[in-house]
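The structure under discussion appears below in the form of C-alpha cells.
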Amino acid sequence: MKTPSPLAALALAGLTACTPALPPGPPPQTAAPITVVAPSGMTPASAVAAAHYGRVQAQLLSQGLLRTDGGGTDTPFTDRMLAENFIRIALFDEYTRTAGGPVQRMTESRLRKWTGPVRVGLRFGASVPADRRAADTARVASFLKRLSGLTGHPIALDDRAPNFFVQIVSEDERRALGPQIRAALPGLSGSEVAAITDMPRSTYCLVYAMSAADGATYTRAFAVIRAEHPDLLRLSCLHEEITQGLGLANDSPTARPSIFNDDEEFALLTRQDELMLKMLYSPALRPGMTEAEARPIVESLATRLLGGES
C-alpha cells in the first residue's frame, strides 16, 4: 500500500489480514434452522463461531493443509526464488487504505520494519479461561524468542509499555474493542476501526501496523486473534499476524513453503519465512527503500543465505 498522508504524526503503513477462502461447507439448510447450544461461559454468537472454525480446521487438515513441518524435499526453493518472494512480500502491500476502509488491492510499497524494541502486550478477553491463557502466553513468549533470535532484533512480551498489542477475544469481545483500538492506534478512521470490530467470518485474524511520519519505520501494531479458533488455527494466526506485523506485510501465491500464502498449506513459520525475516532485519536493508534500491541487496543476501543455489 502506498503510504497515505500522515495522521497526527503517524501514517498507516501496512494492513495485513489472513483472509483465506473458506473450504466448502455443507449446502444451505432449507428446513428448520439448527439450534446451537452454547457451552457454559460461551455466548451463542461465540458458540456458532467456534463450531464454524472447528469445521474449517477439520476440513483443511483432511485436505493435507495446515502443515507444521516447515517445508521439506517436496518444497524446494532457490536463492532466486527466495529473493523474488521476499520482494513480493516485503515491498508490496495486500491492502490499500481508502475513505471507506481498507480494500484488498496489491500495490507497490517501500520496505518497512521496526527500528526500536518490539514490546508485545498480550491481552485476553474475559471469555478465555485461565488454562488457555497460560498456554497461549507460553506459546507467544516462545515464538517471540524465536523471532528475536532470527532477526537479531529485541522482540519480547512486555506489559510495561507495549507497542504491539495482540488481542485474543471472542466475537462479542471483539465488537467492543473500539476504545482499545483507538488508544493503541490514534488516527484510525471509524471505517478502519469497524474493519476490526465488525471483522467478517471469512477473516480468520488480522493485524494493523502503523509507522512514524516517514511511513517506513513501524512504531505500533494491533493484532486480533479469534478466541473461538481451535488449537492449530489459533497458533497459525499467531505466527502469521505477529510476523506480518514485523514487516512481511503481503501474501504471495508463489511463495512456497510459506505462511505468506493464502492457500493455507502451511500453518506455522517455515524455513523460507525464517530466511525472509533474517533478510528483512539485515542492517543492509533500511526502512523506506524502494524495490529498485533494495533488489541488489536482497539478491546478494539470498545468495549468501542459500549458498548460491539457483
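Throughout, read-outs are computed from the coordinates displayed, never taken from laboratory work. Quick caveat: nothing in here was measured; it's all calculated off a predicted structure. Because the Cβ atoms are built from the backbone with ideal geometry, glycine has one as well, and the counts that use them run over all protein chains shown.
Quickly rank 289-302, 55-68 as a protection proxy: mean count of other C-beta atoms within 10 Å, highest first.
In decreasing order of mean packing, 289-302, 55-68 become 289-302, 55-68.
Between Asp214 and Ala134, what length comes free when the chain is fully extended (0.36 nm per residue of separation minus the Cα-Cα distance, one decimal in nm)?
25.0 nm
With a ≥ b ≥ c taken as the square roots of the eigenvalues of the C-alpha gyration tensor of region 199-272, please select rounded if a/c is under 1.5 and otherwise prolate if a/b is larger than b/c or oblate if it is not? Provide the component values of the computation, followed by the final result.
Working: a/c = 2.09, a/b = 1.29, b/c = 1.62.
Oblate is the answer for region 199-272, as a/c is 1.5 or above yet b/c matches or exceeds a/b.
Roughly what would the spin-label model give for Lys145 and Arg55, points 7 Å off Cα along C-beta, in nm?
Result: 4.0 nm between the two label points.
What size of dipole, in debye to the nearest 20, comes out for region 154-236 about its Cα centre when the only charges are +1 on Lys and Arg C-beta atoms and -1 on Asp and Glu C-beta atoms?
It comes to approximately 60 debye.
Using a Förster distance of 22 Å, how high is the FRET efficiency between Ser62 and Thr203, based on the Cβ-Cβ distance and rounded to 0.05?
0.50
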